[in-house]
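Have a look at the structure below before the remarks.
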Amino acid sequence: MPVRRLDPILIDRIAAGEVVERPASAIKELVENAVDAGARRIAVRIESAGRALIRVSDDGSGMDAADLALAIERHATSKLPDGDLLDIATLGFRGEALPSIGSVARLDIVSRTAGSPSAHAVTVDAGVATPVRPASRSPGTTVEVRDLFGATPARLKFLKGDRAEATAVTDALRRLAMANPAVHLSLEGTPTVGFDYLACAEDDEGRLTRIAQIVGDDFIDNALPLRATRESPDGEGVELSGFIGLPTFHRGTRDGQYLFVNGRPVRDKLLTSALYAGYMDHVPRDRFPVVALYLRCGPRAVDVNVHPAKAEVRFRDSTLVRGLVVSAIRDALSGALHRASTTGGTRTIDALASRSFGTARPGPGGPAGGWHPRRSVGAPADPRGYGAPRGFDESPQASFETEPSAPPSAPARAAEPDVAVSDEDAPLGAARAQFHETYILAQTRDGVVIVDQHAAHERLVYERMKRARAEGGIGRQMMLIPTVVDLPPDDAATLLDEVDALAQLGLCIEAFGRGAVAVTEVPSALGNGDTTRLVRDLAEVIRSQDGGAGTVPLERRLDRYLATMACHHSVRAGRRLQPDEMNALLREMERTPGSGQCNHGRPTYVELKLADVERLFGRR
């Protein structure tokens, strides 16, 4: 078969397949062009999720007639003034957006520069362009794309429904809005999605305001500022800034993670893995932190052309970048100490309010017309007919008891009246009671704090052992009689593969026949713990590691093993604590980084403001 040159229009359509995958990718290219043109107001309108119409209007620098004619030609761009692909200071370059879109749709462009007496327009329909003609418009540019993929109907079969495509458009624009807080960006034309983000200041406060516009106002109260820099061996600096959510402020998907490199939204594997490494042992494995991170580096330090949609980048010194992200996140989390997300109290209030009975009064024969008591699905009905969930139909003494099993002569488990008044001024307040032998109730100046004693102490022990390991090793004690633990043969073999790593943590084991190990030394802090249970749990943790223990970095493995050990040594639920023990636990939490969540990522305490409690009782 002879070799032949492809038709230019067919070449454009092939290029369009790389650059314009769906309406969202076309809109992203057009909005990036507007940002590069210096626009401060960008309005986007779509119809049929972008299939029928895409219109992007901006107040940027615009184009004159000569530039407009060149803009629709292949390999023509204003973003490479020196022709250096390694020095890209804009949101380009791939140089195929406008001609590629014009090859698969009808493209209309109207543009005017600030000093021009009139605007100019051009049309490209399925790859065929018309001559540039005069038009009317204020300074700026309007790009309309109609009947997307009309010239390649087969591509339409690969698009999803209108709702999914509109959601993809919204996500792409929100990321661009977050990267450019000084730009007023709006989207309209769909009944399900749309927004109008007013321009914000270009400082950190303005950036946080824009982030809150997108991820929700709760982020402001649960965000930690982050700023760090590093220099590469050649003296070129890399700067990281932005905001990260508290570990207990997380979501079930990655939708709340926004990463930017030189103002460009990216979904980069290197940055994502560094993000998770920074949050390691702070967030549950099936949850995802909310972050907005902005990385700035020299244009030559990053290659932005490794992906057709510019969604991925490649760093010249990836080790430096990863280390910067990990250390900056860990430093920010360490500085947060005991802080937990404010949404915990809101969820508690909502849970309590949802169990209320209602406001109307039931009639003699049962509930009055229109009044329906709330009851959880599957919860047993109250024999009195009110449908109260279990626990709320009990007496106060039965459902909230500070000393449920103590004899009448025993002292109450509440804190003594002469607790230092200053304790109430502390972040976690002064301990007042222990209820159900599991939770500590503390009083602050403007509310109450409920602490899970086991989860809190588990974190404290974990951080204490980590410090000991870093400062020279965890103290160990030799067992007078070694403890022999029987295990399945595979578990025993897995555990013995980690002998050296466990020895660094003060736990020394050796083989003891088939399917058994002997524990000869244990960490000093765990001397009175259940050694057999600890060893079996460690075997399960090692077996469950992703890809096997050999593929997980040593530091990460050690932290996981320490977390398991700390869990065994912690104050157990069901143990009664004295007032001084409760207050000592609260004060240590306030001094310990990460104590707002346990080793499994669950919150260690919930704070309720007095105003929230008053609303619960109808006082507000």
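The values are calculated or read from the model by the stated rules, or taken from the named source; none is laboratory data. Values in this document were obtained by computation on a predicted structure and should not be read as measured data. Neighbour counts are summed over all protein chains in view; Cβ atoms, including those assigned to glycine, are modelled from backbone coordinates with ideal geometry.
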Odd one out for V290, checked against (1) under 25 Å from I88 (Cβ atoms); (2) surrounded by 20 or more Cβ atoms within 10 Å (Cβ to Cβ):
(1)
Filter segment 530-557 down to the residues that are surrounded by 16 or more Cβ atoms within 10 Å (Cβ to Cβ) and at pLDDT below 80 and list them by number.
Q545, A549, R557
For segment 453-466, does any single residue satisfy the condition of being of a type outside the set (S, T, Y) and surrounded by fewer than 15 Cβ atoms within 10 Å (Cβ to Cβ)?
no
If we scan segment 471-483, do we find a residue that is over 18 Å from A503 (Cβ atoms), among the hydrophobic types (A, V, I, L, M, F, W, C) and surrounded by fewer than 23 Cβ atoms within 10 Å (Cβ to Cβ)?
yes
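Is it the case that segment 210-225 has a residue that's touching a Pro at 6+ places or on another chain (Cβ under 7 Å), surrounded by 15 or more Cβ atoms within 10 Å (Cβ to Cβ) and without any contact (Cβ under 8 Å) to a residue 60 or more places away in the chain?
We begin by selecting, within segment 210-225, every residue touching a Pro at 6+ places or on another chain (Cβ under 7 Å); these are 210.
Now restrict to residues that are surrounded by 15 or more Cβ atoms within 10 Å (Cβ to Cβ): 210.
Filter again for without any contact (Cβ under 8 Å) to a residue 60 or more places away in the chain, leaving 210.
Checking segment 210-225: at least one residue is touching a Pro at 6+ places or on another chain (Cβ under 7 Å), surrounded by 15 or more Cβ atoms within 10 Å (Cβ to Cβ) and without any contact (Cβ under 8 Å) to a residue 60 or more places away in the chain.
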Take segment 158-188 and flag every residue that is among the small types (G, A, S) and within 22 Å of the chain's Cα centre (by Cα).
A164, A168, A172, A177, A179
Exactly one of R459, R464, R514 is of a type in the set (D, E, K, R) and free of Cβ contacts under 8 Å to residues at least 60 places away in the same chain, and that one is R514
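Identify all residues within segment 242-279 that are of a type in the set (S, T, Y) and buried (at least 18 other Cβ atoms within 10 Å of the Cβ); write none if there are none.
Within segment 242-279, the subset of a type in the set (S, T, Y) is 248, 253, 258, 272-273, 276, 279.
T248, Y258, Y279, listed by residue number.
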Qualifying residue in segment 474-485 (condition: free of Cβ contacts under 8 Å to residues at least 24 places away in the same chain and more than 30 Å from Q597 (Cα to Cα))
yes
Name the residue that is surrounded by the fewest Cβ atoms within 10 Å (Cβ to Cβ), counting only residues in segment 424-440 that are touching a residue at least 60 places away in the same chain (Cβ under 8 Å) and under 11 Å from D452 (Cα atoms).
T438
Strands (runs of 3 or more DSSP E) completely within segment 221-328 that count 3 or more residues being more than 16 Å from G601 (Cα to Cα) and more than 11 Å from the chain's Cα centre (by Cα)
223-231, 237-245, 264-266, 291-297
Members of segment 498-519 that are under 22 Å from L558 (Cβ atoms) and loosely packed, with under 13 Cβ neighbours inside 10 Å:
D500, E510
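Can you name the residue in segment 187-209 that is more than 26 Å from D36 (Cα to Cα) and touching a residue at least 24 places away in the same chain (Cβ under 8 Å) and, of all such residues, is surrounded by the fewest Cβ atoms within 10 Å (Cβ to Cβ)? Steps first, please.
As a first pass, look at segment 187-209 and keep what is more than 26 Å from D36 (Cα to Cα): 190-192.
This time we only want the ones that are touching a residue at least 24 places away in the same chain (Cβ under 8 Å), so: 190, 192.
Numbers: T190: 20, T192: 10.
Checked segment 187-209; the qualifying residue surrounded by the fewest Cβ atoms within 10 Å (Cβ to Cβ) is T192.
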Residues of segment 146-190 that turn out to be modelled with pLDDT of 90 or more, more than 19 Å from Y258 (Cα to Cα) and of a type in the set (D, E), as a count:
3
A careful count of residues in segment 37-69 that are crowded, with 17+ Cβ neighbours inside 10 Å, assigned to a helix (DSSP H, G or I) and among the hydrophobic types (A, V, I, L, M, F, W, C) gives 3
